[in-house]
1. Across segment A:89-114, what is the number of residues that are of a type in the set (S, T, N, Q) and part of a loop (DSSP other than H, G, I, E, B)?
2. Given segment B:218-336, what helices (runs of 4 or more DSSP H) lie entirely inside it while holding 2 or more residues that are within 14 Å of another protein chain (Cβ to nearest Cβ) and touching a residue at least 12 places away in the same chain (Cβ under 8 Å)?
3. For A:ASN227, are the conditions met, namely being facing chain B (nearest Cβ under 10 Å), part of a loop (DSSP other than H, G, I, E, B) and over 25 Å from A:VAL160 (Cα atoms)?
4. Please specify each residue of segment A:15-43 satisfying the condition of being farther than 26 Å from B:PHE128 by Cα, of a type in the set (A, V, I, L, M, F, W, C) and away from chain B (no Cβ under 11 Å).
5. If a residue has to be within 12 Å of A:TYR60 (Cβ to Cβ) and either hydrophobic (A, V, I, L, M, F, W, C) or at the interface with chain B (Cβ under 9 Å from one of its Cβ atoms) (or both) to count, how many in segment A:209-224 make the cut?
6. Of the residues B:ASP67, B:ASP91, which single one is at pLDDT 85 or above, over 30 Å from B:VAL357 (Cβ atoms) and acidic (Asp, Glu)?
7. Go through segment B:401-425 and report how many residues are touching a Phe, Trp or Tyr at 6+ places or on another chain (Cβ under 9 Å), more than 14 Å from chain A (Cβ to nearest Cβ) and either of a type in the set (D, E, K, R) or not in a loop (DSSP other than H, G, I, E, B) (or both).
8. Kindly indicate whether any position in segment B:115-126 is over 21 Å from B:GLN340 (Cβ atoms) and of a type in the set (Gly, Ala, Ser).
Amino acid sequence: LGLPGGIWLLVFFLIPILVMASVSLQTGNLIDGFRQTLHVANYWTVIKLYRTQFIRSLEYGGLATLATLLIAYPMAYWIAFHGGRRKSTYLFLLLLPFFVSFVIRTISWEFLLADQGILFGPLKRIHLLPASFHVLATSFAVVAGLTYNFLPFTALPIYVALERIDHRLVEAAEDLYASKVQAFLRVILPLSAPGIFAAFLLTFVPAVSDFVNATILGGVGTTMIGNAIQTEYLTNNNYPLGAALSFVLMAVLVVGIFLYTRAIGTEQIEGVGT
Amino acid sequence: MNDATNIPTGSNAQAPVVHGLTQRRLSRRELLRYAGAGVGAVGLAAFLEACGIQSQKSKSAASPGFDWQKWWNQQKQTGTLDFGNWPLYIDAVQKGGKTIHPSINLFTKETGIKVNYSEPIQDDPSFFGKIQPQLAAGQSIGYDIIVITNGIYLTKLIELNYLTPLDQTRLKNFRANAAPKYQNPSYDPGNKHSMAWQSGFTGIGYNPKLTDKVLGRPVNSLNDLLNPAFKHKVGMFGDNQDFPNMGLVAVGVNPEVSTVSDWNRAADWLKKQRDAGLVRQYYEQNYIKPLSSGDIALSMAWSGDIFQANASSNAGLKFVIPQEGGLVWTDNMCIPMHAQHPVDAMIYMDFVYRPDVAAMLADGIDYITPVPGAQAVLQKIDPPIAKDPLVFPPADWYSKVHRYRVLTPSEEQEWNGIFEPIYQS
């Protein structure tokens, strides 16, 4: 770790995180001020209050990550191996939605999926769908929104990994009588694993803590942990509970990622860097 | 050959390399590191102690005995006014592709004060979050007038000394023309910090096309929000103010004098409603769109929103104060601390209490004006508005509505803990 890197980490990571750790143990309110009381009970309070939202966030984040991987892999595969001279055009198309704000894109889904909107309205009028059918304000809508919003983050690292594969290895496998499926499973998939790993991290971590999709596309029983943190900080001005909540989320993610890394093996992560 | 492989054997062999492998030895370097860690741990504890968040009360706010009247006498009119308001909350006319505000133009014409009017306030909590750090640091937030709803955040602003006490000598129109209930309100005794901008009711907004068939009558009761026929078709507010207070009204309690056990009963009512699958969403602001499009059939609503939706798009919505009761709230003009043009702000705040100006505003906003005299003016310029009960409510409406519960900081924490988990499910 060089000196610039060390200073960077100190200023933008270590100090903020220590301040947050301190805040998470305080008690008080905005008007009288917050005092350091080493009040560990803040952690039990938030876990008790928001257990459901924690579990739900991991669930939604996991489902969305799985869905993005299933959609992004074939997409990246096709661009990497069959994109030909137009590869960069396809990549540009993949990134094109990024030119519009994330919130606006999510709101346009709200518009498209409205109960009587341009999609479901006509279908209901001709009785192909029951009048009570709706997609908005359901878990499905939130997971779908997450999937849509994070798809490029998943596709790009997978594409980079696939693009780097030496195609002669596949030919060699075929020369040794491997079928297409075997060549894919035993050559391409393992070689693209670092990309999948990176894609997983880049999607899962922000998806779990997202709050925009739940706010716009969700309804009752779809609140995610990001919404709870936002409420504690901005609505209740209860900074200690907000900080404790953030720490619990961080701890869950760090432990989860650590176990995941151990299971997959560290060489995969190094593979991402090379 | 590699010498390292030639490890001496035998019982007394104490080659350094073997020693190092078999016995734990504290090197000087390690010792330093452990010592460092010890100091670090102590330092961390000290650090944790040190960084308590101080009271967020305005640092440069004047001391308790400060003579505000003397301060006001030293202030001068500047000819500029920065007014921060909520969207669609003033009279507006489209002229040549530009939006103009006739009441503001009149003000500039009469006083020569130029008004920079903007609409930065989307809701109280987030606006409070935005201005709080600057006010705590004793800086100007760039507005001379802001509009804040009575309740949690207005109380916080007052308690934290974030508001400039008003110049009581400049309230001539206000004292002469404001309805009695806006003079000396319970949330700001003596109008020390605030003057009403407009008020409104919280009740039920509904789409009669969807509800009349089901009920065979107009919506008129909070129990209609529990009717199983409206499964997934009910909207509720997701906030710490209207939502809990409406729950208290639903269980027959006057929120203003409610106790913790009442809060729990209200929470049970609200939970029952949610768990029966009636509520589609807990809305912050955006309930009008789903109500007009039929995504929901009825919802908690603010009176003026329903009026504006009907005026702008013929949505055909209706508003009712349920027979059990409703809520009334007031948005208030306040002068934040360190405002650059306080005298201009005072002149404007009193100006809007002239009946002719109040009539212009009421005509454009459709919420409840604090100036009863505006009705006579409107009878001449816009008779339908003068007759509208949402703008000039009959006396018996007032007897059915309550104000929000005023909460102390510790009560607020308990209150939030009871009601928040219901809408944040």
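1. Qualifying residue count for the region: 1.
2. Details: elements: B:242-250, B:260-275, B:288-293, B:303-313.
In segment B:218-336, the matching helices (runs of 4 or more DSSP H) lie at B:242-250, B:260-275, B:288-293.
3. On the way: facing chain B (nearest Cβ under 10 Å): yes; part of a loop (DSSP other than H, G, I, E, B): no; over 25 Å from A:VAL160 (Cα atoms): yes.
Spelling it out, it is not the case that A:ASN227 is facing chain B (nearest Cβ under 10 Å), part of a loop (DSSP other than H, G, I, E, B) and over 25 Å from A:VAL160 (Cα atoms).
4. Scanning segment A:15-43 gives A:VAL40, A:ALA41.
5. Step one: filter segment A:209-224 for residues within 12 Å of A:TYR60 (Cβ to Cβ), giving A:209-211, A:213-214, A:217-218, A:221-224.
Filter again for either hydrophobic (A, V, I, L, M, F, W, C) or at the interface with chain B (Cβ under 9 Å from one of its Cβ atoms) (or both), leaving A:211, A:214, A:217-218, A:221-224.
Qualifying residue count for the region: 8.
6. Working: B:ASP91 fails: over 30 Å from B:VAL357 (Cβ atoms).
That would be B:ASP67, the only listed residue that is at pLDDT 85 or above, over 30 Å from B:VAL357 (Cβ atoms) and acidic (Asp, Glu).
7. 3
8. Taking segment B:115-126 first, the residues over 21 Å from B:GLN340 (Cβ atoms) are B:122-126.
The next check asks that each one be of a type in the set (Gly, Ala, Ser); those that pass are B:126.
Yes, that holds for at least one residue.
The values are calculated or read from the model by the stated rules, or taken from the named source; none is laboratory data. The shown structure was predicted, so the numbers you read here are calculated from the model rather than taken from an experiment. Quick reminder, even Gly has a Cβ in these numbers, built from the backbone with ideal geometry, and neighbours come from all protein chains shown.
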